[in-house]
1. Identify all residues within the range 116-161 that are more than 30 Å from L286 (Cα to Cα) and out of contact with any Lys or Arg (no Cβ under 7 Å at 6 or more places or on another chain); write none if there are none.
2. Go through the range 186-204 and count every residue that is among the acidic types (D, E) and buried (at least 24 other Cβ atoms within 10 Å of the Cβ).
3. What residue, of A238, A223, A254, is touching a strand residue (DSSP E or B) at 6+ places or on another chain (Cβ under 9 Å) and modelled with pLDDT of 85 or more?
4. With touching a residue at least 24 places away in the same chain (Cβ under 8 Å) and surrounded by fewer than 16 Cβ atoms within 10 Å (Cβ to Cβ) as the only criterion, which of R159, R140 stands out?
5. Hey, does the range 208-218 have a residue that's out of contact with any strand residue (DSSP E or B) (no Cβ under 8 Å at 6 or more places or on another chain), over 18 Å from L153 (Cβ atoms) and buried (at least 20 other Cβ atoms within 10 Å of the Cβ)?
6. Using the structure shown, decide if T81 is of a type in the set (V, I, T), at pLDDT below 90 and assigned to a loop (DSSP other than H, G, I, E, B).
7. Show the residue pairs meeting these rules: Cβ distance below 6 Å; 6+ apart or different chains; first residue within the range 265-283 and closer than 15 Å to L249 by Cβ; second residue part of a helix (DSSP H, G or I).
8. Mind checking which residues of the range 295-316 are surrounded by 11 or more Cβ atoms within 10 Å (Cβ to Cβ) and more than 15 Å from I166 (Cβ to Cβ)?
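The values are calculated or read from the model by the stated rules, or taken from the named source; none is laboratory data. Everything numeric here is computed off the predicted structure, so don't read it as measured data. Cβ: placed from backbone, ideal geometry, glycine included. Neighbour counts: every protein chain shown.
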Amino acid sequence: MAQVLSPPVPLLPIAGQKPLQFMAGLLGLIVTQDVKKEMTPESPKSPKTTKGSILMDKYEIGKLLGQGSFAKVYLARNINTGENVAIKVINKEMIVKSGMAGHIKREISILRRVRHPYTVHLLEVMATKTKIYIVMEYVRGGELFEKVARGRLREGTARRYFQQLISSVSFCHSRGVYHRDLKLENLLLDDEGNVKVSDFGLSVVSEQLRQEKICQTFCGTPAYLAPEVLTRKGYDAAKADVWSCGVILFVLMAGYLPFDDKNVLVMYKKIYKGLFRCPKWFSPELKGLMNRILDTNPDTRITIPEIMEHRWFKKGFKDVKFYIENDKLCREDDNDDEDDSSSSLSSGRSSISSEGDLEFDIKRIGSMPRPASLNAFDLISFSTGFDLSGLFEEGGQGARFVSAAPVGKIISKLEEIAKAAEFTVRKKDWSVRLEGCREGAKGPLTIKVEIFELTTSLVVVEVKKKGGFIEEYEEFCNKELRPQLEKLMHYQADEVEEAMC
């Protein structure tokens, strides 16, 4: 009979305690404590307000899910949509006095940066003179820890959870975010049984690191710590996250920790030496993968991309497809895949697009979506005399221009611009999204580029800001996007004028 997973011994008071209720994982660095379900919560507005009070004329406050030194987490309901959410209520005065204000800002910024189907979503942030309200997705399925504590999982189930975890971690790393406290307690399950990575309270972003990209902070949960973290000589946070993912995979398949002992120092010794043994029910492929992940040498340890190419991992793996629309995360339905396969443009929105898949068949305008205002009079009004500098609409949050360049050439140029600016490219049909990793209060800059057929030899390219600050959008367009796209406007300029006439 498999040993029951024992809770990890805390390394630091701010990070190690096991949450007694799953949504308390949203508290970040704030230690949680058990709260009776029958307890009437304090309202974020007033300690004496009863359950059912309304916050900001938008959310009806429900039960208290958890509380800590500086904040409380409530279940709430969006009055307009009926959606359940979790609201983290933070006392401004207390975090300022404790010097935690910078940490809270960083955590909010990180949550905006790592919007992914397998991470807990930040919905919005509100504030008054005395309180900060962080509105989060309410994940009702509980901790993955609780599921595994009842016994090890079947290989197919464990693989699916691990695939979702790696997909999320891979995305976070691509955005320069390293979790540093990955463990079962920080993996939640939604209504559909999908993993949701939570608690980015100890995470670090690449901008915080020195030029050598080495972390110095000793943090995490003991049983999940990589051996190089224990040396206190600095470590690569991405490689440390890979080790933690390996510990999680072992627990999912075995039902117990690979490195465990009541004496923390003894456990650290096991971790440092890599002393673990795979159970007999582990397949040879899985054993091979485990040995590569739990490699005590970070330089030879398998990487996230290599994991995703491993034979055991790839069985039944289907990368999640999503996109950002109007600053909101939207997930594509599985039914869209068949429709997308007929498109000549790759629809892999969840990963950076490759450069060799750019052959297009021109579609007729009747089968394509098009802006309601797009007609000949509009084109004439913003391209007086066919002056190329006037083909851009000035002002607002969008621009349009006419080009005779092939669609494939336009997409290639967009990918080239995105690569130079370290933007992520997401493509589908005639739509291309450029997502930056530079974070602002409104999330990363997201630009949508759509291509519409005007004639058999002309297309209209429309550029719109879908997320981020308008100032950052204008700077990017003026310094990087526009100068490059103007080259396409000059492409066969005589043909453009002739066709328009």
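1. Answer for the range 116-161, where residues must be more than 30 Å from L286 (Cα to Cα) and out of contact with any Lys or Arg (no Cβ under 7 Å at 6 or more places or on another chain): L123, E124, V125, M126, A127, T128, K129, Y133, V135, E137, Y138, R140.
2. Filtering the range 186-204 for residues among the acidic types (D, E) gives 190-192, 199.
Still in the list and also buried (at least 24 other Cβ atoms within 10 Å of the Cβ): 199.
Residues flagged as among the acidic types (D, E) and buried (at least 24 other Cβ atoms within 10 Å of the Cβ) within the range 186-204 amount to 1.
3. Going through A238, A223, A254 in turn, just one is touching a strand residue (DSSP E or B) at 6+ places or on another chain (Cβ under 9 Å) and modelled with pLDDT of 85 or more: A238.
4. On the way: R159 fails: surrounded by fewer than 16 Cβ atoms within 10 Å (Cβ to Cβ).
Exactly one residue qualifies, and that residue is R140.
5. We begin by selecting, within the range 208-218, every residue out of contact with any strand residue (DSSP E or B) (no Cβ under 8 Å at 6 or more places or on another chain); these are 208, 210-213, 216, 218.
Filter again for over 18 Å from L153 (Cβ atoms), leaving 208, 210-213, 216, 218.
Now restrict to residues that are buried (at least 20 other Cβ atoms within 10 Å of the Cβ): none.
Scanning the range 208-218, I find no residue that is out of contact with any strand residue (DSSP E or B) (no Cβ under 8 Å at 6 or more places or on another chain), over 18 Å from L153 (Cβ atoms) and buried (at least 20 other Cβ atoms within 10 Å of the Cβ), so the answer is no.
6. Values: of a type in the set (V, I, T): yes; at pLDDT below 90: no; assigned to a loop (DSSP other than H, G, I, E, B): yes.
Against the criterion (of a type in the set (V, I, T), at pLDDT below 90 and assigned to a loop (DSSP other than H, G, I, E, B)), T81 does not qualify.
7. Here the result reads C278/K287; C278/M290; P279/A254, each pair linking the range 265-283 to a residue that is part of a helix (DSSP H, G or I).
8. D295, T296, P298, listed by residue number.
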